[in-house]
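Contents: one structure, followed by commentary.
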Amino acid sequence: MSARVHTAITHDPLSVDSAHSFVSQPSAGAVVVFTGAVRDHAEGRSVSGLTYEAYVEPAADRLAALADDVVGKWPSVRAVWMVHRLGALAVGEPAVVVGVSAAHRDEAFAAARFGIDTLKTTVPIWKREHWADGGAHWPGTD
């Protein structure tokens, strides 16, 4: 059985419901959907929002390869959804949604955790924090 895979880099608002619907499968006993949202603070400062930028084609290629890696590492995975948003996002908005379904919960949790952790470290997407006091900062450029 081959797994269903959906990956995207988009400026459109993200849908957790779409991710859940896509990864839900009759053969899957576990569905894990992770949502990364813009929080109101970072490094002790109040944040008013974030802006995400990427080299879209390489980022989309890396995201697709990562989804394939998830399927390869966990043969019981039935479906993978990985979508990251670009552009200006307000506090509370979803920036990334990763969904995985698998036969059992251990595999679903492990695959989803690997997916989001690896996405954050390998997919070329950058965020700029906009502080409530009017300043801004690209984390990792210090």
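What to note about this one:
- For region 1-107, accessible area per residue (1.4 Å probe, heavy atoms of protein chains only), Å²: 51 Å²
- Summing charges over neighbours of VAL32, with a neighbour being any other residue whose Cβ is under 9 Å away from its Cβ, gives +2 when K and R count +1 and D and E count -1.
- For SER21, the shell of other residues with beta-carbons less than 14 Å away shows a net charge of +1, using +1 for Lys and Arg and -1 for Asp and Glu.
- About its Cα centre, the dipole of region 76-142 is roughly 240 debye, where the only charges are +1 on Lys and Arg Cβ and -1 on Asp and Glu Cβ.
- Put simply, the amide H of GLU93, placed in the peptide plane, has neighbours under 5 Å in VAL38, leaving out anything fewer than 5 places away on its chain.
- The mean sequence separation of alpha-carbon pairs under 8 Å and at least six residues apart, normalised by the residue count of region 1-124, gives a relative contact order of 40 percent.
- Computed about its Cα centre, the charge dipole of the chain is approximately 320 debye, with only Lys, Arg, Asp and Glu carrying charge at their Cβ.
- Once the gyration tensor of the Cα atoms in the chain is diagonalised, the equivalent ellipsoid follows with semi-axes of 29, 15, 13 Å, ordered largest first.
- Which of SER76, HIS11, THR118, positive extreme of dipole for the chain (C-beta unit charges): SER76
- Accessible-area composition of the chain, carbon plus sulfur, in percent [1.4 Å probe]: 51 percent
- Rounded to whole Hz, the Karplus (6.51, -1.76, 1.60) HN-Hα couplings of region 125-130, x for glycine and proline: 10, 10, 10, 10, 7, 9
- Helical contribution to [θ] at 222 nm, DSSP H n ≥ 4, -39,500 (n - 2.57), averaged over the chain, rounded to 500: -10000 deg cm²/dmol
The values are calculated or read from the model by the stated rules, or taken from the named source; none is laboratory data. These numbers come from a predicted model, not from an experiment. FYI the Cβ positions are ideal-geometry reconstructions off the backbone, even for glycines, and counts take in every protein chain you see. Areas reflect the complete protein model, heavy atoms only, side chains present, ligands, DNA and RNA absent. Shrake-Rupley method; radii C 1.70, N 1.55, O 1.52, S 1.80 Å.
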